[in-house]
Structures are given as C-alpha cells and as structure tokens.
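Have a look at the structure below before the remarks.
The values are calculated or read from the model by the stated rules, or taken from the named source; none is laboratory data. Quick caveat: nothing in here was measured; it's all calculated off a predicted structure. A quick note on method: Cβ atoms are made from the backbone with ideal geometry, for glycine too, and the neighbour counts reach across all protein chains shown. In case anyone asks, the SASA skips ligands and DNA or RNA and just uses the protein heavy atoms, side chains included. Shrake-Rupley method; radii C 1.70, N 1.55, O 1.52, S 1.80 Å.
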Amino acid sequence: MNRAPPLTQLQSTVEPTAASPSPSTSPKRSTAEARSLLATAWLRIRRSKIALLSLCVVVAIMLFAILGPLLSAMSGNDPFTSNTSPDVLDDLQTPGLPLPGYMYPSATHWLGVEPGLGRDLFARLAYGGQVSLTIALLSTAVSVVLGTVIGAAAGYFGGKTDAIISRIMDLFLAFPHLLLVLSLTPILQSRLRDTPLGQGSFLPMASLVIILGFFGWAYLARIVRGQVLSLREREFVEAARSFGASHLSVLFRQIIPNVMGVVLVYATMLIPTNISAEAALSFLGVGVKDPTPSWGQMLNAAQSGNWYLSDPWFLAVPGAMLIVTVLAFNLLGDAVRDALDPKASRH
C-alpha cells in the first residue's frame, strides 16, 4: 500500500505555486487600476492627433496674447500710434488706403497697417487677443462658478429649493440671449462709468464679463443639477453625513468635486462661445470700442468704412484669427469630453 508523502514534501510542492504572482496582482494590472481619471484623460488626449494639434494651437494662441506687448516691441510698433503720412497711406485716388508696400506683411509691419489711421495690424491683433481672451475666460469663470454652485445646491437640497432654482433656470433659458445682451450692455456701462470698473478701457471689458457671465450659467446649472440628483444618494455622501458633516461641507467637499469632469467639459465648450459673443457684440458696436483693440472691434472697423471692399486683408486678419481660435477650442472641448467619458475604455 502506498503511503502519503511527508508534510514537508507537500509544503515544498505547494510553496512555489503560492509564491507565483497571480494575474490580478501583476504589476501591469495594478498600474492600470491606480491610474487617476485625469491621468486616463491625458493618456486618451495624447493618443488623438486632432486633440494634440488643437491643444498646441490653443497654447500658441494663449502665448501670442500673453506675449503681445513683447512681440509688438520686437516688431517696433504699438497698437495706438497712427501713421497717416503720404508715404504710408494713399491720399490721392483712394484716401486712407495703405500703399502696396504697407497693405500686406513686410519687414517693418509684420501684418501690414490698417487703412484710415495706419496703425500696425500685428500689434493690434496681439493686444486684441489679450482683450478678447480675457473677456472670454473671465466670463466663462463667472458662468462656471455660478452654474456649478447653484446647480449643485438645487440637486442636493431638493424640495422647494430645487423648484425655485429650476424655475429661475427656465426663465434665464427662455430669454433671447443676444437681444437681452444688446439691450443691457449699454445700461450696465452707464451704471459702471462712475465706479473703479468704469475707468478707461476697463468699462467695456467689465460690462461684457458681467453680462456674458451672468447670463451663461443656467445651462450648466441644469447639467450639474442632474448629476447631483444621483450623487446625493451615494454611499460616500451618506457616510459624510453619518460622521456629522454639515450640508455645506458635504456640498463643497463631496458633491462638487465629483461633478468637476462635467464642469470642465462645459467650460472648454463655453470659452469659444464667449469669444464669438464678444466679437459679435464689438462688431455690433456695443462691446469694445476704438481705440481699445479686440478681434471683434477690428472686424467692426473693417466694415464701418467699407474698407473690406478695397482692402480685404484688413478683414481677413482678425477674421482668420477668430476662426482658428474658436475651431481649436471647440476641437479641444470635444477631445476633453471624449477623454472624460466614463463609458470609454481606460486601457
């Protein structure tokens, strides 16, 4: 009869199998599980050529606007100095039209000069980028803060609070946005004129930031409210309440951080919308006004004297800049939305 092997032999047979790494604890698997949402999103963005290209264009445009004064100084020009001499502008057949050597890019004027006043187009484009992007970013920040806080409060507290806030959101969404902004911007500018915000070129910028930011929060608030309605019943929220956390602590430390993915996607989509809105308002004459440069104001100057008929380059420069900027931000917003999609594969 065969005898059972000693216990020591059984241990020596089992130990190598137990010591071998299992698939669930392999280094590759643990690294994938430890990857955060932002790290996963960045990995997906890096894999998309369109996303990387749009990100590079957005960064280049931001640097162009930030370094506007330095670049203008390198070109030897500024956005406010006029040059109406006959050596620059034609004063015979077409008064004010730049001569061929100044209408298009040259060594002295990198993008030519504008008709009528002969100011440098490159300098005005760079400084105008500062104004347009500042208005768009600040108004987006106002809308995002208001929409996130108000929408989270409506979804978390529910009841009468939710009903009142929801009706206010419906009211804001029902207004014709463009007509409302056109009518309220001059009124707000007259009110701000005697305040610190109404000094010089700050007046139109402050009024546009307030108007665009205040009337742009409702749609985000509705999205955040829908997310919070499901989040408020989750286990981590119940655990925070059971430990005695206040409603404000739960709202700002547990609820809002978990909707920041949605907020980030909406913000990237709202920035180009506000850039276009600033350009439209300045083009219609209620936004940034001369001599303060902005891309919309440059379009307004191109059409106000019908200069685009005799000098289409004057219209093409700010128009192309607007198209490239809005397109790059929209493509980047689409990439961020896809990268933060929880249904997408993380591997």
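Over the chain, average the accessible area per residue using a 1.4 Å probe and give it in Å², no decimals.
Accessible area per residue: 55 Å².
Once Rh is set to the Kirkwood radius over Cα pairs, what Stokes-Einstein translational diffusion coefficient, in µm²/s, holds for the stretch 136-190 at a temperature of 10 °C and a viscosity of 1.306 mPa s?
123 µm²/s
If you stretched the chain out fully between ARG193 and LEU248, how much longer would it get, using 0.36 nm times the residue separation minus the C-alpha to C-alpha distance?
Between ARG193 and LEU248, full extension yields an extra 16.1 nm.
Which value, in debye to the nearest 20, gives the size of the charge dipole of the chain about its Cα centre, when Lys and Arg are +1 and Asp and Glu are -1 at the Cβ?
Once rounded to the nearest 20, the dipole reads 1700 debye.
Based on the mean of other beta carbon atoms within 10 Å per residue, what is the order of 221-234, 325-338, 240-253, most packed first?
325-338, 221-234, 240-253
Quantify how much of the Cα-Cα distance distribution of the stretch 140-267 extends past 20 Å, in percent.
When every Cα pair of the stretch 140-267 is considered, 53 percent fall beyond 20 Å.
Placing +1 on the Cβ of each Lys and Arg and -1 on the Cβ of each Asp and Glu in the stretch 101-232, which of GLY198, PHE157, PHE172 has its Cα farthest towards the positive end of the resulting dipole?
It is PHE157.
At a temperature of 25 °C and a viscosity of 0.890 mPa s, determine how fast the stretch 250-347 diffuses translationally according to Stokes-Einstein, using the Kirkwood radius over alpha-carbon pairs as Rh; express D in µm²/s, rounded to the nearest whole number.
The calculation lands on 156 µm²/s.
Taking 0.36 nm per residue of sequence separation and subtracting the Cα-Cα distance, how much length would be gained by fully extending the chain between ALA320 and THR94, in nm to one decimal?
78.8 nm
How much of the accessible area of the chain, probe 1.4 Å, is carbon plus sulfur, in whole percent?
66 percent
For the stretch 234-299, what number results from the quotient of the Cα radius of gyration and 2.2 N^0.38 Å?
1.93
Cα atoms only, the chain: Rg and Dmax in Å?
28.7, 123
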